[in-house]
2 protein chains.
Amino acid sequence: METLRTSSAMAARSRALRAEDRVVGFVPTMGALHEGHLSLIRIASALADVTVVSVFVNPTQFGPTEDFDRYPRDLECDAALAEAAGCDILFAPEPADVYPRGHATVVHVERMGERLCGAARPGHFDGVTTVVAKLLNVVRPSLAVFGQKDGQQLAIVERMVADLNMGVEIIRAPTVREADGLAMSSRNAYLSAEERREAPALYRALREAAALYEGGERDARAVVGAVRSLIESGSRAAVQYVSAVDAATLEDVAELRPGTMIAVAAHFGGTRLIDNIVLP
Amino acid sequence: METLRTSSAMAARSRALRAEDRVVGFVPTMGALHEGHLSLIRIASALADVTVVSVFVNPTQFGPTEDFDRYPRDLECDAALAEAAGCDILFAPEPADVYPRGHATVVHVERMGERLCGAARPGHFDGVTTVVAKLLNVVRPSLAVFGQKDGQQLAIVERMVADLNMGVEIIRAPTVREADGLAMSSRNAYLSAEERREAPALYRALREAAALYEGGERDARAVVGAVRSLIESGSRAAVQYVSAVDAATLEDVAELRPGTMIAVAAHFGGTRLIDNIVLP
């Protein structure tokens, strides 16, 4: 596995790969790799000739009071995990390389980034879309793999890639979960033992929503209410939102249907967790 | 010369050209081609193997009270002129192809688009950067040629291309002028005979600024004041702004130096004209 530390080195390597007609697959990450990321790398590696993984804790997608400084960083460990999962090129640039002095461009997706997580994290998705646009332009992959766990991010990235005619295939990869159902997340490491015990309440409630849907319930408001009650009765979590939206457009739906995403965000102590399911 | 009417056809053609290792040069236009555009096409054609010219009157860069509806359109005439200047592929998409239903992405360059022309045309440069990003991603040229006449647009596009790691070389082409000094512009067609007689006052004033600079004057405020007085005494134009800025960053300068752009916008009757010079 090669490690590249600058955008110019990565862009040059990528130009050479394209000249050789190699199919490049890309997995952007913020590091702190867990089994969820590794599943994305394995998918990319199965679909592409060359798999590029970026590790970059992107400052512009953190709010001023968020966890940018304490976000877990261990490049050596990430490199070993990525390589074992099939990564061929690890791209790990520094913030000053990604955002040199004078950087002034923002890629903004209207409406979709302002709701759900965006309501509590103003500017977050502008940070995501801007850095993803930059990384896609540096790596120039044929395909890029994103996890369904960050379902809003995925829909927004799909919108951006289509709108800006970026010509990259976006692959939706299923959420990887712990044995008790908790969606894998780098932020799970922040949970106390007690919070960790309670955190599977999110997925339990989402599974119950799926069961209600399978049982014939179509009323979004009733199911959203049930999910909220289940989380609140099964844990001490402070629910930030439960929403039923179209998984592609993120618009609220009144009636559940295939492709509806039921998404939830809740605080367990100081840790904000998100999860979602998409109805089949 | 080939004419392509959809982004997907253009993207496919461009993929084929890249597979053949052809150097693609690109000139984006809104049509109504004049000698200024033709000079850009000739420059692209001299530098590239294949020259692509887009003709697209971009609705998102016009304000609600601006001239989108009456902007001159004549694709047949544009096609003949472009071909004679060296265009190999004319890309002329429809608005519904460029902005399909649900389009929601905006590329925004902070600060640079809010001053000079941006102060009078809010949102204009977001329209420009968004469509240029899209066109560059569809055409995927090695180089793209823009005219110095739209100096603010040029600086903003350069910033965006660098910030989003687009990997396209931007070529600055000199302003082409009528015999009496008036910068060529599709909007010159709106001028009455009398306005047309007075319009060269802009360039006369800019030339006087250059002469003052060559004579040793370095005070930006003095030169800007002189330019404004010259325009106002030499015509009935309503000056919108005269500014001395860094041609790359668009920041105001107090002291003139090589690379300072002196830029002006003024109304001649209902027609808004712009012009600029960059100090050598």
Exercise. Between Rg and the Kirkwood Rh of segment A:2-173, both from Cα atoms, what is the Rg to Rh ratio?
Worked result: 0.93
Exercise. In segment B:221-280, if every C-alpha pair distance is counted and binned at 10 Å from zero, what percent goes to each bin?
Worked result: 24, 51, 23, 2
Problem set entry | Partners for A:K134 among lysines (Cα-Cα distance below 16 Å; same-chain residues under 8 apart left out) | B:K134
Seminar exercise, completed: In degrees rounded to 10, the 0-90 angle between helix B:124-139 Cα long axis and the longest Cα principal axis of chain B is 30
Problem set entry | Equivalent ellipsoid dimensions for segment B:127-198 as semi-axes, Å, which come from the Cα gyration tensor, largest first | 30, 12, 10
Exercise. Taking N as the number of residues in segment B:165-273, what is its Cα Rg relative to 2.2 N^0.38 Å?
Worked result: 1.14
Seminar exercise, completed: Total charge of the residues flanking B:L279 in space, meaning their Cβ is under 14 Å from its Cβ, with Lys and Arg +1 and Asp and Glu -1, is -3
Exercise. Counting other C-beta atoms within 10 Å, which of A:R272, B:R159 has the fewest, and how do the rest follow?
Worked result: A:R272, B:R159
Exercise. Which percentage, to the nearest 5, of the DSSP beta bridges contained in chain B is antiparallel?
Worked result: 50
For this session: Compute the acute angle (0 to 90°) between the alpha-carbon long axis of helix B:220-234 and the principal axis of greatest extent of the alpha-carbon atoms of chain B; round to the nearest 10°.
Result: 90
Exercise. When each pair of different Cα atoms in the protein assembly as shown is counted once in the 1/r mean, what is the Kirkwood radius in angstroms, to one decimal?
Worked result: 26.0
Problem set entry | Charge dipole magnitude, Cβ of K and R +1, D and E -1 - the protein assembly as shown, Cα centre, debye nearest 20 | 140
Seminar exercise, completed: Taking placed amide H atoms and a strict 5 Å upper bound, the residues 5 or more places from A:L116 or on another chain that come that close are none
For this session: Name the residues whose placed amide hydrogens come within less than 5 Å of the amide hydrogen of A:T175, ignoring near sequence neighbours (fewer than 5 apart) on the same chain.
Result: A:Q148, A:K149
Seminar exercise, completed: Checked against the positive end of the charge dipole of chain A (+1 on Cβ of Lys and Arg, -1 on Cβ of Asp and Glu, about the Cα centre), the farthest of A:L279, A:L38, A:A263 is A:A263
Problem set entry | Net charge of Cβ neighbours under 12 Å - reference A:L250; Lys, Arg +1; Asp, Glu -1 | -3
Problem set entry | Mean separation of Cα contacts under 8 Å (6+ apart) over length of chain A, as relative contact order % | 17
Problem set entry | Reachable aspartates and glutamates from A:K149, criterion Cα separation under 14 angstrom, eight or more residues apart if same chain | A:E35, A:E178, A:D275
Exercise. In degrees, nearest 10, range 0 to 90: what is the angle between the Cα axis of helix A:151-163 and the longest Cα principal axis of chain A?
Worked result: 50
For this session: Please work out the FRET efficiency for the pair A:V23 and A:A119, using the Cβ-Cβ distance as r and a Förster radius of 45 Å; give the result to the nearest 0.05.
Result: 0.75
Exercise. What distance in nm separates the simple spin-label points at B:A46 and B:A96, each placed 7 Å from Cα in the Cβ direction?
Worked result: 4.2
For this session: Whole Å is fine, so just give me how far the alpha carbon centre of segment B:111-129 lies from that of segment A:67-126.
Result: 28
Seminar exercise, completed: If B:F26, A:F56 are placed from fewest to most neighbouring beta carbons inside 10 Å, the sequence is A:F56, B:F26
Exercise. How much of the DSSP beta bridge set in the protein assembly as shown is antiparallel, as a percent to the nearest 5?
Worked result: 55
For this session: Report, in debye and to the nearest 20, how large the dipole of segment B:118-190 comes out about its Cα centre when Lys and Arg carry +1 and Asp and Glu carry -1 on their Cβ.
Result: 100
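Here, each number is a calculation from the coordinates, and none is a lab measurement. Computed from a predicted model, the values in this text were never measured in an experiment. Virtual Cβ from ideal backbone geometry, glycine too; neighbours counted across all protein chains shown.
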